Amino acid sequence: MTHFTGNLSELAQRYRIDETIAEGGMGRVYSAEVRESGARVAIKLLHPKICNDAAFVEAFLQTAEKMAAVDHANLVRIVDYGRTEKGAVYIVTELLEGVDLGTLLARDYTLDYREVVDIGVAVCRALSALHRKGIQHLDIKPSNIFVMQRKGATKQPAQVKLIDFGVGRLPEAPGAPSLNGQMWLGVPEYWSPELATGRPTDARSDVYALGIVLYESLCGHTPFRSHSYSDLIAMHVRSDPKPLPQPPNRLSIPDPLKGVVMHCLKKNPRERFQSAARLADMLARSLAPRRAVNNPLARRPAAVALIGASLLSVTIAGIALSRQIPREPPKTPAAAIAQVAIDISSEPTGALVVDTADGSSYGTTPVRMELPRADKRIGLLLQFSGGESVRTDVVPNRSTRIHIQAPSLANGVAEKME
Ligand SMILES: Nc1ncnc2c1ncn2[C@@H]1O[C@H](COP(=O)(O)OP(=O)(O)O)[C@@H](O)[C@H]1O
Ligand SMILES: [Mg+2]
């Protein structure tokens, strides 16, 4: 604690510092109380060596200012930030009760896929709010996703809040590549290819990083693993991630959900979901009830099925994740006439159906596209998990079924049926 004491004393006028709750590459996080109001807060104090990096500090404080202006239920509330007279850089946020996803996963734990979808949708909502204001998070990883504990026995669902942020570059720490034996910012397991290679990033970099988090939360490990920075960066840029494996003794992950996760991990940002909002939509749809009819793999298993009850109670005791999956409203007859259903199946199943106009995705086969009746042709690209793809198009002027085989099976001929 020695190196922080001087700086902390400057904050002690306003805050009653409680205890250290985390120590990471950037500095130390304390729980504290605002003397004036009694409000419980978390104070992050950047490490003195980082505080000397003027450009990094400026970027950090600018991002803090922008983030503090965004008020969203899935984003931690920033209550204060700045630089003390002696140059200590700090940020103060509301104190959250619960556990971060990194800690959850570190307990040798993979989550029930429905909980992962809930967490993913919540993070997407927070990201959407940021992206709408032109802010990228740039540090999406499990330890920055906080799963809050449910208070008492209320029916109130637990909330998920995004915390922390990145500024798009590492602090320069001359002569000090490590802090307490740890690398400054951990390993770049969650960096998009463009972030890892110093190219311009945008909202789709956050989509990629969230894809890695979803992958890890579902199967227990990230798609790319190495102790070497340069290996990891090379893998993000060049290696195809292995299809999401099914962890043993866990609920069977539905294929559409696997497809959605893999689609986040495309090397080229144009091939990923183009927005966090679209990803939220596709995550929710990957479990939507009507899919259960089309795809037996997507059928929701019984709540406790394969997960050991004791494991669940130890790891997420008190945490009840809300079901945030929007249900489709019942259709009126008029609405039904104005809509057409295009059922797309394929061999093999699990091909991602992408709209060629904007790169957005309708999900993985078998999938039903419900569209307003129109005469406008829609270009589609089916991407099979083995890397093959087939182009086709549909005119949504009547309900249709389309079956497509992978090129290696049948020249990729699209077969349309009434
Ligand atoms: N507001 C908060 N409430 C409760 N715990 C927090 C809060 N902010 C951070 N933490 C805990 O501290 C850890 C590190 O905080 P974070 O802001 O992510 O700093 P860094 O990653 O730079 O070390 C988080 O992963 C989380 O476990
Ligand atoms: Mg963090």
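Only the coordinates and a few stated rules stand behind these numbers; no lab work does. Keep in mind that what you see is a predicted model, and the values were worked out from it rather than measured. Cβ sites come from the backbone with ideal geometry, for glycine too, and all protein chains shown count toward neighbours.
Quick one: which of 220-228, 279-287, 105-113 comes out on top by average Cβ neighbours within 10 Å, and what's the full order, highest first? Mind dumping the intermediate values first?
Working: 220-228: 15.1, 279-287: 23.9, 105-113: 18.0.
Taking the mean over residues of other Cβ atoms within 10 Å, the ranking is 279-287, 105-113, 220-228.
In percent, rounded to a whole number, the relative contact order of the stretch 2-94 is 24, using alpha-carbon pairs under 8 Å and six or more apart. Highest mean packing first, where packing is the average number of other Cβ atoms within 10 Å per residue, the peptides 250-261, 195-206 line up as 250-261, 195-206. Full extension of the chain between Ala59 and Asn249 yields a length gain of 63.9 nm, computed as 0.36 nm times the residue separation minus the alpha carbon distance. FRET efficiency for the Val237 to Ala12 pair, using the beta carbon distance and R₀ = 56 Å, is estimated at 0.75.
For the pair Leu409 and Tyr109, label points projected 7 Å from Cα toward Cβ lie 3.9 nm apart.
Which FRET efficiency value, to the nearest 0.05, is calculated for Asp80 and Arg225 with the Förster distance at 45 angstrom and r the Cβ-Cβ distance? Spell out each step's value before the answer.
Working: r = 38 Å, r/R0 = 0.84.
With a Förster radius of 45 Å, E is 0.75.
Distance between the 7 Å Cα→Cβ label points at Ala341 and Asp393: 2.6 nm.
If the only charges are +1 at each Lys and Arg Cβ and -1 at each Asp and Glu Cβ, what is the size of the charge dipole of the stretch 2-94 around the Cα centre, to the nearest 20 debye?
80
Under the simplified labelling scheme, the Glu33-His72 pair shows an inter-label distance of 3.3 nm, with each label point 7 Å from Cα along Cα→Cβ.
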